[in-house]
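*Asks:* Just dropping this structure here.
Just so you know, all these numbers are worked out from the coordinates, no wet-lab data involved. Everything quoted here is computed from the prediction, not taken from an experiment. So basically every Cβ, Gly included, is an ideal-geometry build from the backbone, and we count neighbours across all protein chains shown.
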Amino acid sequence: MWQESTTLRDAGWEVHVICPQGTKRDTEPYVELDGVRIHRYPWHEASGGPSGYLKEYGSAVWHQLRLARRIVRTVGKVDVVHACNPPDLLFVVARMLKRQGARFVFDQHDLVPELYLSRFDRGEDFLYRAVLRAERATYRAADVVIATNESYREVAITRGKMAPEKVFVVRSAPAVERFRQVPAEPELKNGKPHLLCYLGVMGPQDGVDYALNALAALRDEQGRTDWHAVFVGAGDTFDDMVRLADSLGLADQVEFTGRIPDADLVRYLSTADVCLSPDPKNPLNDVSTMNKVMEYMAMGKPLVSFELREARVSAGPAAVYAQANDVSEFAKLTAQLMDDPAERARMGEIGKARVEGALSWARSGEALLAAYASAVDNRQ
């Protein structure tokens, strides 16, 4: 979202962002950063399953309505309201601003019905049908949809009934200035020849449990203990994953850092030999673009992934692909890359070239501005 905000700013838009406050940083209710005006509201983290999300999202929408009204009183008129999900409830704010002449750009970061199925394993129950209705309402309110990849674009056109010319693919792309290699630090390998690295959120659908079971298979089935693994990030299942690593007998070889500053993140990725993208195949992951995949490639690192449609679109030959959710094959492919430094280097160069070329933010920024042009050039 920061890349989108600064791209719009550079194109001459006055950009106001409404978002949650942080707990340890980014706590100011209002701040202007590099010409982008940021309005923050208190964040109540979801807990206790779906009901917790209803409480979190209900509170968020109320605050967003409140801040949107304040912005209107300040600036007088909003030309475009740009809302990124989840949740698919922000059409409530968009409709309020549309009544005053704004156009609505729906930035679909997640397919929430698929997210619900993948995260809660409750099937197509009442809440699933409710999130489908919310998604439909969002599509109906939208003048333009931004999709993160072609799979999401297809959903917007088919399930969302959007006109194809109103759906634009704006792919997520890492900020290359953030992901620049620094000299490797062998001491981060904890005395082992190889460093394996995971970067990302640790939620129920993110596959950290698959990664840990694959590491156990790397030890037990491949007979390999010549590695140290670092898991960078946090999330709902962080504590569970620490306990799982301990129960698998991996505590001495697996390090959990939590969230860390960018400088430390780059140190780990610069030193890593193989990066892990263990997102299991499910209704959401198969069609989603994973930020971690793009970030690994930006750092010139090879990666191991399960066979997912959009993972292959993003990484291409910069990754090796295990059969869906097969931790034994994931471990085997990891071992093969550990033993082939020339192949690792070749894959890393391919990935870096993809991120700096066809998958770069420069291309996505052009698509973003085209989406905005379509929204404002077709006022009724």
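*Asks:* The range 63-86 to the range 241-300: how many Å between their Cα centroids?
*Replies:* Value for the Cα centre distance between the two parts: 35 Å.
*Asks:* Can you sort S328, S277 so the residue with the fewest Cβ neighbours within 10 Å comes first?
*Replies:* S328, S277
*Asks:* What shape does the chain take by its C-alpha gyration tensor, where a ≥ b ≥ c are the square roots of the eigenvalues and a/c under 1.5 counts as rounded, a/b above b/c as prolate, and the rest as oblate?
*Replies:* The shape class here is prolate.
*Asks:* OK, next. So which of K301/K352; K292/K352; K55/K292; K189/K352 end up more than 18 Å apart by C-alpha?
*Replies:* Among K301/K352; K292/K352; K55/K292; K189/K352, the Cα-Cα distance tops 18 Å for K55/K292; K189/K352.
*Asks:* May I ask you to sort W2, W227 by Cβ crowding, counting other Cβ atoms within 10 Å and putting the fewest first?
*Replies:* The order, fewest Cβ neighbours first, is W2, W227.
*Asks:* Okay, moving on. Using only Cα atoms, find the angle between the long axis of helix 262-271 and the longest principal axis of the chain, and express it within 0 to 90 degrees, rounded to the nearest 10.
*Replies:* It works out to around 40 degrees.
*Asks:* Taking the alpha-carbon distance from K77 and a cut-off under 13 Å, which aspartates and glutamates remain once sequence neighbours fewer than 8 residues away in the same chain are dropped?
*Replies:* E14
*Asks:* Could you give the angle, 0 to 90 degrees to the nearest 10, between helix 361-377's Cα long axis and the longest principal axis of the Cα atoms of the chain?
*Replies:* Taking Cα atoms only, the helix is inclined about 20 degrees.
*Asks:* Provide the packing ranking of 129-138, 199-208, 308-317, i.e. peptides ordered by the mean count of other C-beta atoms within 10 Å per residue, highest first.
*Replies:* Packing order, densest peptide first, comes out as 199-208, 308-317, 129-138.
*Asks:* DSSP loop (so not H, G, I, E, B), at most 16 other Cβ within 10 Å: list which trypsin sites (Lys or Arg not before Pro) in the range 1-92 pass both filters.
*Replies:* Those that pass, being in a loop and sparsely packed, are K24, R25, K77.
*Asks:* What number, in percent, do you get for the relative contact order of the chain if the mean sequence gap of Cα pairs under 8 Å and at least 6 apart is divided by its residue count?
*Replies:* 15
*Asks:* Enumerate the aspartates and glutamates that K166 could reach by cross-link, defined here as Cα to Cα under 13 Å, with residues fewer than 8 away along the same chain left out.
*Replies:* D107, D143, E154, D377
*Asks:* May I ask for the net charge around Q21, where only other residues with Cβ less than 11 Å from the Cβ of Q21 are counted and Lys, Arg are +1 while Asp, Glu are -1?
*Replies:* Computed value for this residue: +1.
*Asks:* For the chain, take the longest principal axis of its alpha carbons; what is the angle in degrees between that and the long axis of helix 126-141, to the nearest 10 within 0 to 90?
*Replies:* 50
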